[in-house]
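Asker: My questions all concern the structure below.
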Amino acid sequence: MSRYIASRVLQAVLVLVGATFVIFVITFALPGDPVQALAGERAADPAFAEAIRARYHLDEPLVQQYGRFLFGLVQGDLGQTYSGQDVAALIGQRIGVSAQLAAFALAFQIVIGVSGGVLSALRRNGAADAGVRILTLAGLSVPFFVTAFVLQLVLGVKFGLLPVAGVEGGPLSYVMPGFVLGSLSTAYVARLTRGQLVETLRADYVRMATAKGLTRVRVVAHHALRNSLIPVVTFLGLEVGALLSGAVITESIFNLPGMGQAMARAVYLGERTTLVGVVTVFVLVYVVANLVVDLLYAVLDPRIRYA
Amino acid sequence: MPELVTAPEVVKQQTIAEGKRRGHWGAVWRRLSRSPLFYVSAVLLVVMVGMALVPALFAPADPHECDLGDTLAGAGGGQWLGRDLQGCDVFSRSVYGARASLGIGIAVSLVTGALGGVVGAAAGYFGGPVDAVLSRITEIFLAIPLLLGASVLLTLFGSKGSGALTVIVALSVHGWPQVARITRSAVMETKQQDYVLAAAAIGCSRVRALTRHVVPNSLGPWLVVVTTNLGVFITYESIISMLGIGLRPPTISWGQMIHDAQARFLEAILPVLGPALFLSVTVLAFILLGDVVRDAIDPRIHS
């Protein structure tokens with residue numbers, strides 16, 4: 001087991017280094033000269049240009065710049081924006097908004113997705129099942145940004161139940177964006193839960209549990225559901241990694257000052273250091289979530305043994 | 001007279017083998033044709049493909065003939081979905097949008113299916129160091145967010161023409177790792193089956209075992225993911241076009257229509273909902289198709 005853990009950790013580090021390198025290379029392919037952007041309309045003074053290039057190490061070869069970036073990354077230093085702001089501090093200001101948004105999305109997935117799937121599986125081929133499956137298909141096929149516009153119009157503008165955009169409304173501000181961000185995966189979780197539970201309910205040990213006289217609730221909650229939820233937990237773990245970077249559009253529709261918005265702004269302004277920093281955090285969360293899921297899987301399903 | 005005795009035996013065995021080979025995909029087709037959902041999705045897709053090929057047949061008006069005086073007019077008066085900001089018929093424009101949206105979905109699905117299929121099959125079949133290298137590359141690309149790669153690529157190359165080729169490349173770069181992952185695990189599972197071992201035991205070469213035994217038997221999960229992905233990539237196209245970095249006018253696509261209409265959705269929601277309806281129905285059709293294909297290929301999970 002410890003050998004398995006060690007090799008998975010090593011793989012995760014390799015993926016992290018590889019992904020940040022690819023990000024570094026493609027980000028530096030972005031057009032625009034930061035020196036000229038700072039100088040404005042006039043041609044930059046050669047001495048000024050020289051100083052800026054030296055300060056941000058723009059005159060060094062790409063690999064050397066990447067090495068410098070990695071060295072900073074291990075120390076928690078993500079460099080400075082071209083206007084002199086510390087990128088790590090900027091991310092620190094914004095990560096709270098992104099984390100709350102992701103937490104709301106995840107809560108919708110767990111509460112609505114899992115309970116919808118369970119309801120659907122227990123009332124298989126009944127009216128509730130049909131309802132859940134139709135809603136699930138709608139959730140998978142209607143694009144989430146359209147859901148966002150409709151919710152803003154109906155819940156926000158027409159009935160005034162929830163804030164339309166921004167974070168001034170406190171936790172309530174995250175309800176609509178969280179639902180929108182999680183809607184696709186909520187539908188997927190419901191489908192996954194239903195499929196797994198339907199299969200597990202047919203297993204011999206479930207029939208055995210019923211045969212020895214356990215109540216229906218106990219059979220479902222203790223014997224069937226526990227085993228059915230392993231793939232769901234796996235999916236949700238991977239989802240945590242995807243939620244941060246998936247929020248770019250949701251954050252811009254609902255005007256939430258999170259990391260997704262920072263990334264969109266950085267692309268627009270050609271702020272390379274910010275872009276690399278923000279996406280590195282996305283990738284870091286993604287890789288760590290993947291690693292945790294893999295390790296968790298071995299704990300949750302004792303049939304899986306790793307040499 | 002041994003020949004006289006064995007000859008009919010050989011012939012008989014061959015017929016059984018032939019019949020079985022036809023039998024697998026035949027059975028898949030029989031299960032497929034018995035499913036009502038298959039016909040629902042097939043009809044929807046035939047209509048959508050028809051719109052993509054000959055839009056003039058379905059559209060009541062010319063999508064480029066617009067009346068600014070009628071800007072954002074509601075439904076009615078021959079415009080089933082109203083008019084957009086430029087006064088164009090939303091329904092007709094949505095019909096004409098099918099070509100770009102479907103075309104990109106199909107192109108990206110084919111590219112990612114081919115690339116992901118080859119990488120995944122190689123990683124799963126050869127295992128060892130080949131698998132280690134290919135799997136790490138797959139994971140690296142999986143970790144990079146869609147919008148980063150897409151926005152950089154499209155900022156670099158998107159200014160030329162309608163940007164269709166760049167959109168296809170950007171979505172393919174993002175989409176292939178998922179196909180590779182699924183193909184890899186399907187191949188790894190098939191590889192361990194007894195009949196592959198048996199083929200190796202009678203001296204079958206690795207290449208032959210791969211092409212004749214492993215690949216045909218791992219095709220199911222690949223086919224399902226490629227089918228379902230058609231809908232996913234159509235949605236992705238709409239996402240990047242909605243952000244204004246995807247397809248550009250004069251090309252009409254659903255995402256681009258939503259992009260144009262989103263700023264004024266509080267005044268007129270129909271220009272957003274019109275293309276969204278076309279988009280949702282198409283994605284739904286591909287999801288249903290993926291579902292029935294999956295159930296037909298693997299009847300064990302059929303409930």
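Asker: Extending each Cα 7 Å along its Cβ direction at residue A:265 and residue B:132, get the distance between those two points in nm, one decimal.
Answerer: So the label points at residue A:265 and residue B:132 sit 4.4 nm apart.
Asker: Would you mind checking which residues have amide H under 5 Å from residue A:80's amide H? H placed 1.01 Å from N; only 5 or more apart, or other chain.
Answerer: A:87
Asker: If you line up the long axis of helix A:62-74 against the longest principal axis of chain A, both from Cα atoms, how many degrees apart are they, to the nearest 10?
Answerer: Result, in degrees: 60.
Asker: For chain A, find the longest principal axis of its Cα atoms and tell me its angle to the long axis of helix A:87-108, 0 to 90°, nearest 10.
Answerer: 20 degrees
Asker: Between residue A:110 and residue B:30, how many nm apart are label points set 7 Å from Cα along the C-beta direction?
Answerer: Spacing of the two 7 Å Cα→Cβ label points: 4.7 nm.
Asker: With a cut-off of 8 Å between alpha carbons and a minimum separation of six or more residues, what is the relative contact order of chain A in percent?
Answerer: 25 percent
Asker: Helix A:226-246 sits at what angle to the longest principal axis of chain A, using alpha carbons and giving 0 to 90 degrees rounded to 10?
Answerer: 20 degrees
Asker: Hey, what do the phi angles of the stretch B:121-134 turn into as Karplus ³J(HN,Hα) couplings, whole Hz, using 6.51/-1.76/1.60 and θ = phi - 60°, x for Gly and Pro?
Answerer: Values per residue, Gly and Pro as x: 5, 5, 5, x, 7, 7, x, x, x, 4, 4, 4, 5, 5 Hz.
Asker: Just want the ordering: B:222, B:29, B:254, B:176, from fewest to most Cβ atoms lying within 10 Å of their own Cβ.
Answerer: With the fewest neighbours first, B:222, B:29, B:254, B:176 line up as B:29, B:222, B:176, B:254.
Asker: Work out how much length residue A:14 to residue A:161 would gain on full extension: take 0.36 nm times their residue separation and subtract the Cα-Cα distance, in nm to one decimal.
Answerer: Here the segment from residue A:14 to residue A:161 would lengthen by 48.2 nm.
Asker: What ranking of B:189, A:251, B:267 emerges when the number of other C-beta atoms within 10 Å of each C-beta is taken as an exposure proxy, fewest first?
Answerer: In order of increasing Cβ crowding within 10 Å: B:267, B:189, A:251.
Asker: Mean-square fluctuation check for chain A, GNM, Cα pairs under 10 Å: which of A:65, A:80, A:152 is largest?
Answerer: A:65
Asker: Label points 7 Å out from Cα along the Cβ direction at residue A:93 and residue A:1: separation in nm?
Answerer: Between residue A:93 and residue A:1, the label points sit 4.5 nm apart.
Asker: While we're here: Report the FRET efficiency, 1/(1 + (r/R0)^6), for residue A:64 and residue A:301, where r is their Cβ-Cβ distance and R0 is 60 Å, rounded to 0.05.
Answerer: 0.85
Asker: Still on this model: What residues have an amide H closer than 5 Å to that of residue B:251, excluding those fewer than 5 places away on the same chain, when H is modeled at 1.01 Å from N in the peptide plane?
Answerer: Amide H neighbours of residue B:251, under 5 Å, 5+ apart: none.
Asker: Can I ask one more? Consider all pairwise Cα distances in the protein assembly as shown and report the whole-number % of them above 49 Å.
Answerer: Here the long-distance tail beyond 49 Å is 17 percent of all Cα pairs in the protein assembly as shown.
Asker: Let a ≥ b ≥ c be the square roots of the eigenvalues of the Cα gyration tensor of chain A; is it rounded (a/c under 1.5), or, if not, prolate (a/b larger than b/c) or oblate?
Answerer: Because a/c hits 1.5 or more and a/b fails to exceed b/c, chain A counts as oblate.
Asker: Next question, about the same structure. Listing B:213, B:24 from the residue with the fewest other Cβ atoms within 10 Å to the one with the most, what is the order?
Answerer: B:24, B:213
Asker: Suppose we flag trypsin sites (Lys or Arg not before Pro) only when DSSP calls them loop and at most 11 other Cβ atoms lie within 10 Å. Which is the longest uninterrupted stretch of chain A?
Answerer: Free of exposed loop sites, the longest segment is A:43-201.
Asker: Pick from A:231, A:257, A:143: which residue has the top mean-square fluctuation in a GNM of chain A where Cα pairs under 10 Å get a spring?
Answerer: Answer for the Gaussian network model of chain A: A:143.
Asker: Pick out which of A:174, A:188, A:205 has the largest mean-square fluctuation in a Gaussian network model of chain A, springs linking Cα atoms closer than 10 Å.
Answerer: Looking only at A:174, A:188, A:205, the biggest GNM fluctuation is shown by A:205.
Asker: Contour minus end-to-end for residue A:103 and residue A:83, with contour as 0.36 nm per residue of separation and end-to-end as the Cα-Cα distance?
Answerer: Computed gain between residue A:103 and residue A:83 is 4.0 nm.
Every read-out reported here was derived from the displayed coordinates using simple, explicitly stated rules and does not represent laboratory data. Bear in mind that the values here come from a model prediction, so they are computed numbers and not experimental data. Every residue, glycine among them, receives a Cβ derived from its backbone with ideal geometry; neighbour counts consider all protein chains shown.
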